[in-house]
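Below: one structure, written as structure tokens.
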Amino acid sequence: MPRGGNWNRHEGTCVRPWGNSVRTALLCVSMVLCTATSAAMPSLRLLIDPGTAEVAIELPAHTPMSADGEAFTLGPGSWRVAARSVQPATQRWRIFPKTFRLGEESAAEAYLAEWRAQGYTPELITLGRRHETASGAFLDNRIHWVALGHRPTEAAARELVETLKTQGAWAWIRPERTAPGSGTVALLDAAGEARVEVPLPMTLDAQTPIAVTRGGTRREYRGVVSIEAGVNGQLEVYLRVPFEDYLSGVLPGEMPANWPMEALKAQAVAARSDTMAHLGLKHELEGYDFDDSEANRVYAGHGARHERTDAAVRETAGVVIAQGTRIVPAVFCSNAGGWTAANDTAWASPADSALRPVGDFPAGANPAPGGPVAYGIDRWLTSRPPAHSSGDDRFYRWRETRTQAELTRQVNARHAVGTVQRIELGSRASCGRLESVRVVGSTDTVTIRKELPIRLAFGGLPSAMFILRQADRVYTFIGGGRGHGVGLCQHGANGMAQAGHTYEAIVAHYFTGIELQRVRE
């Protein structure tokens with residue numbers, strides 16, 4: 001029961017000893033809190049704030065609220081939800097070296113036996129979802145993940161990952177929530193006065209959009225907002241939102257609403273496919289579906305919706321990119337720089353036959369049919385072949401310069417090598433992106449592998465497709481594209497749409513061996 005005064009029930013209202021102004025702000029009602037759902041798709045649980053001591057919310061109207069099974073209404077106005085006594089949620093870290101698709105159970109069991117023989121206790125965890133199509137068939141995106149155990153901390157898990165590298169296994173880690181947190185929060189009014197204290201979790205049924213301010217950024221959300229105790233002892237904020245409403249909040253955050261409608265439709269189909277392919281997978285062990293950042297898909301909330309992006313979602317309702325019996329994880333990037341990347345080039349994942357490198361050029365106009373490496377990577381990056389994405393003046397081709405001091409600071413933020421002496425570029429995939437980079441420092445040398453770690457090591461370069469000039473303690477990176485380069489190139493989609501291509505043609509260009517299907521509404 002909420003704390004802060006005696007509850008005196010009378011005709012469905014709550015009377016507190018604080019006076020009439022508070023009685024109008026906090027009204028108890030006999031009601032059941034409804035979770036927003038969609039007839040066409042499952043609703044999604046999004047993490048919109050991973051940790052804060054205080055949540056600032058603005059309510060335009062009386063909003064149903066629930067805490068510890070007690071239902072009441074929070075009045076309109078500005079409120080702050082402040083942590084008072086929080087017992088953190090608990091988690092552990094699981095280590096995964098390999099995945100297997102459905103139907104590969106025999107191979108998976110043989111793989112587990114190999115690790116058992118080395119003294120490990122591996123498990124097979126099945127993650128993902130299957131989805132019914134309009135024709136009654138199923139697209140199955142479940143997958144088996146091999147877990148080699150768990151560790152109580154991220155540092156301990158990473159130690160095992162490093163050990164596995166010496167055994168030829170490239171593993172990754174995922175946190176797993178083992179128990180929810182608990183505690184209490186105080187609801188403070190606009191004057192900063194604590195009006196009531198309630199237990200966690202607390203939820204707000206925001207059918208009228210409410211505003212949540214996070215890190216100085218104010219966003220409006222519609223759905224069920226939940227404030228819970230996080231693993232760091234702070235408050236975590238989640239949103240339960242209907243699937244198609246989620247897409248309507250994603251599109252304007254991922255692609256400008258004034259771009260051609262066919263590009264927006266291609267983005268809608270890719271985002272829907274990628275979302276459904278990763279449901280029950282990426283953050284399943286943590287108890288939610290996605291966060292709202294670029295690491296998943298940028299979700300800008302209800303307040304960012306635009307009529308043109310809403311139309312793109314509505315006019316492609318249910319359409320997904322399929323290959324065989326699965327939905328393709330139709331990832332996208334800002335600009336592929338003229339040539340997309342294979343998924344296994346960018347990430348430590350099995351090769352996906354739908355995510356193969358393709359030249360971003362009109363049919364018959366590819367100046368480098370063998371790929372950027374065969375063409376000559378220096379020649380490729382110091383020229384501007386007329387690709388679909390070449391209209392992006394900022395990132396189709398780019399140049400960034402670092403002094404030795406700047407580069408040393410950036411590298412050592414992630415790799416303790418001392419003063420950077422030189423950088424040696426390693427092997428490249430055929431698409432031109434680096435697969436490894438060796439940094440030689442005054443105290444140590446490190447080899448960095450895979451697309452994102454390479455970019456981050458040098459202060460967040462736009463892409464891992466670059467060459468390097470070193471002279472007089474100055475390092476100049478000359479590159480192409482922005483992002484991982486896999487799947488749909490957003491600027492390329494814009495260029496194709498401007499040239500008159502339909503969204504179906506755009507999708508077919510960037511994803512190999514696919515067809516469009518419609519999931520059941």
Test Phe72 against the criterion of being surrounded by 15 or more Cβ atoms within 10 Å (Cβ to Cβ), touching a Cys at 6+ places or on another chain (Cβ under 7 Å) and at pLDDT 50 or above, and give yes or no.
yes
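Condition check ((1) within 28 Å of the chain's Cα centre (by Cα); (2) farther than 18 Å from Cys333 by Cβ; (3) surrounded by 15 or more Cβ atoms within 10 Å (Cβ to Cβ)) across all residues:
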| site | (1), (2), (3) |
| --- | --- |
| Ala363 | no, yes, no |
| Pro367 | no, yes, no |
| Trp380 | no, no, yes |
| Ala387 | yes, no, yes |
| Thr408 | no, yes, yes |
| Val411 | yes, yes, yes |
Subset of the stretch 70-104 (residues that are within 24 Å of the chain's Cα centre (by Cα) and of a type in the set (Ser, Thr, Tyr))
Thr90, Thr99
By residue number, the members of the stretch 311-342 that are in a loop (DSSP other than H, G, I, E, B), under 19 Å from His388 (Cβ atoms) and not hydrophobic (A, V, I, L, M, F, W, C) are Ser334, Gly337, Gly338, Thr340
Does Ala190 meet the test of being in contact with a Phe, Trp or Tyr (Cβ under 9 Å, 6 or more places away or on another chain), assigned to a loop (DSSP other than H, G, I, E, B) and either over 17 Å from Asp68 (Cβ atoms) or of a type in the set (Asp, Glu) (or both)?
yes
With the checklist (1) modelled with pLDDT of 95 or more; (2) in contact with a helix residue (DSSP H, G or I) (Cβ under 7 Å, 6 or more places away or on another chain); (3) surrounded by 20 or more Cβ atoms within 10 Å (Cβ to Cβ) in hand, flag the one item Arg195 doesn't pass.
(1)
Scan the stretch 470-489 for residues that are closer than 26 Å to Gln404 by Cβ, hydrophobic (A, V, I, L, M, F, W, C) and out of contact with any Asp or Glu (no Cβ under 6 Å at 6 or more places or on another chain) and jot them down.
Ala471, Val474, Ile478
Could you check, for the stretch 429-439, whether at least one of its residues is over 30 Å from Pro386 (Cα atoms) and surrounded by 15 or more Cβ atoms within 10 Å (Cβ to Cβ)?
yes
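Could you check, for the stretch 219-240, whether at least one of its residues is among the polar types (S, T, N, Q), open to solvent by 20 Å² or more (accessible area, probe 1.4 Å), closer than 26 Å to Gln91 by Cβ and touching a residue at least 24 places away in the same chain (Cβ under 8 Å)?
First, pick out the residues of the stretch 219-240 that are among the polar types (S, T, N, Q): 226, 232, 234.
When the remaining residues are screened for being open to solvent by 20 Å² or more (accessible area, probe 1.4 Å), the result is 232, 234.
Among the residues that remain, those that are also closer than 26 Å to Gln91 by Cβ are: 232, 234.
Now restrict to residues that are touching a residue at least 24 places away in the same chain (Cβ under 8 Å): 232, 234.
Yes.
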Arg356 passes all but one of the listed conditions (1) in contact with a helix residue (DSSP H, G or I) (Cβ under 7 Å, 6 or more places away or on another chain); (2) charged (D, E, K, R); (3) under 29 Å from Ser273 (Cα atoms); the exception is number (1)
Somewhere in the stretch 286-296, is a residue surrounded by fewer than 20 Cβ atoms within 10 Å (Cβ to Cβ), within 19 Å of the chain's Cα centre (by Cα) and polar (S, T, N, Q)?
yes
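The values are calculated or read from the model by the stated rules, or taken from the named source; none is laboratory data. Treat the numbers as computed from the prediction; the structure is a model and nothing was measured. Note that each Cβ is placed from the backbone with ideal geometry, even for glycine, and that neighbours are counted across all protein chains shown. Note: accessible area is taken over every heavy atom of the protein model, side chains too, but ligands, DNA and RNA are not part of it. Shrake-Rupley method; radii C 1.70, N 1.55, O 1.52, S 1.80 Å.
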